[in-house]
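The values are calculated or read from the model by the stated rules, or taken from the named source; none is laboratory data. None of the values given here were measured: they were computed from a predicted structure. Please note: Cβ atoms are built from the backbone with ideal geometry, for glycine as well, and neighbour counts cover all protein chains shown.
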Amino acid sequence: MRGLKQTLILIAFLLSFIGSTNAQWVQQNNPSGEYLFDIFFINSNTGWASSKAIIKTTNGGTNWVSLGTPVENSTLTDIYFLDANTGFVSAYGFYKTTNGGNNWTNSGLPLGIYKKIFFSNATTGWLVKASNNIYKTTDAGNSWIVNFTGGSLLESVNFINANTGWMCGENGLIYTGVTG
């Protein structure tokens, strides 16, 4: 009898985890109705998501508003913000905002498909251009220089500090390196 009781307690305990792990996610309203490619939050209330347009929330995702798009007929594949005002979005071109996403300007980089944006701190960041370039900024995105040119299509980059990082791309390509 004691073994049966312990088994029932164990089953009840395990079932409590099954129900609670999925109950933590709640679907929210997407006013654009578009497929979303990326989402970025700077705190628990303020965030942006990108698709063919940019949407923004200031109340943790309960409500979202559409901010439009910096470029027509292009998919906005990645979005990244340094603070509540300064942010970047990649598409067929690379764009910057200094007013929370209300207005965007072209960064001046050559046109092309830009994939991933990553900053290791408030001033140092990297940008992946799909054709095979990694750009780097050390002034919060005001200027960019080519930091790497490879022979394969690149998809993503990640750094653990201002100098040490990884990038990846087609055919299982992974690079690691130290930049200066």
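In summary, residue 75 fulfils each of the numbered conditions (1) over 30 Å from residue 150 (Cβ atoms); (2) modelled with pLDDT of 90 or more with the single exception of condition (1).
Of all residue pairs spaced 6 or more apart or on separate chains, those with beta-carbon atoms under 6 Å, a first member in region 53-66 that is aromatic (Phe, Trp, Tyr) and a second member that is part of a loop (DSSP other than H, G, I, E, B) are 64/31. With respect to the conditions (1) over 18 Å from the mean Cα position of the chain (by Cα); (2) at negative phi, residue 108 falls short on a single one, namely (2). With respect to being of a type in the set (Ser, Thr, Tyr), at pLDDT 95 or above and either in the same structural domain as residue 104 (by TED's automatic domain parsing) or more than 16 Å from residue 100 (Cα to Cα) (or both), residue 32 falls outside the description.
Let's see how each residue does on (1) surrounded by 19 or more Cβ atoms within 10 Å (Cβ to Cβ); (2) in contact with a Ser or Thr (Cβ under 9 Å, 6 or more places away or on another chain); (3) outside any strand (DSSP E or B):
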position	(1), (2), (3)
66	no, yes, no
72	no, no, yes
90	yes, yes, no
100	no, yes, yes
121	no, no, yes
